[in-house]
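Take a look at the structure below.
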């Protein structure tokens with residue numbers, strides 16, 4: 001008898017579980033968000049509803065907040081195109097006297113994302129032309145703050161590209177991470193570049209024919 005009860009209850013439990021799963025997906029469960037508590041394509045109002053504090057700045061193309069990420073103080077930014085959220089990210093605001101501390105924070109965030117998303121699709125130190133041969137390895141961190149080198153790492157998720165970057169200019173380092181929507185930003189940008197390349201080739205071809 002108990003066996004028949006279990007058999008009869010199993011489809012009911014499965015249906016209820018499926019219903020809860022669908023409901024969570026519609027509501028945007030904690031594992032359903034693209035960035036913080038929002039999803040790509042969100043409006044200004046939806047983004048502001050997702051944050052517990054007032055924005056520090058708001059324009060048609062951007063909303064910013066003061067916040068933190070992985071224990072680091074940061075500016076939180078949401079970027080919009082055609083009134084839809086297409087990119088978002090963090091700029092770390094902690095400043096150090098020692099440039100090596102920025103590299104330490106970069107490595108900390110890289111390890112966090114690697115644990116979250118797996119091995120990065122790229123992880124590199126990108127030098128400006130001619131700079132590497134003139135810089136001792138002990139000065140790599142200072143080189144990043146001077147703008148001679150960039151520390152880069154990136155990950156791909158189902159709907160986003162996540163790009164971690166440490167770079168600088170005139171001795172000032174900047175560490176940040178940018179999330180980009182594959183549907184609303186990465187895809188259209190790639191198509192735009194392909195179209196621009198096509199037009200450029202067509203113009204060159206036309207010039208050669210003349």
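Bear in mind that the values in this text are calculations on the coordinates, not laboratory data. Keep in mind that this is a model prediction, so the values were computed, not measured. Don't worry about glycine lacking a Cβ; one is built from the backbone with ideal geometry, like all the others, and counts go over all protein chains shown.
Need at least 1 residues that are within 28 Å of residue 114 (Cα to Cα) and without any contact (Cβ under 8 Å) to a residue 24 or more places away in the chain per element, so show me which strands (runs of 3 or more DSSP E) inside region 40-99 make the cut, counting only ones lying wholly within it.
The strands (runs of 3 or more DSSP E) meeting that bar are 62-69, 72-81.
Just need a number here: residues in region 79-110 that are farther than 25 Å from residue 169 by Cα and exposed (fewer than 12 other Cβ atoms within 10 Å of the Cβ).
So the count comes out to 2.
Which residues, taken from region 177-190, are under 12 Å from residue 163 (Cβ atoms) and surrounded by 19 or more Cβ atoms within 10 Å (Cβ to Cβ)?
177, 178, 179, 180, 185
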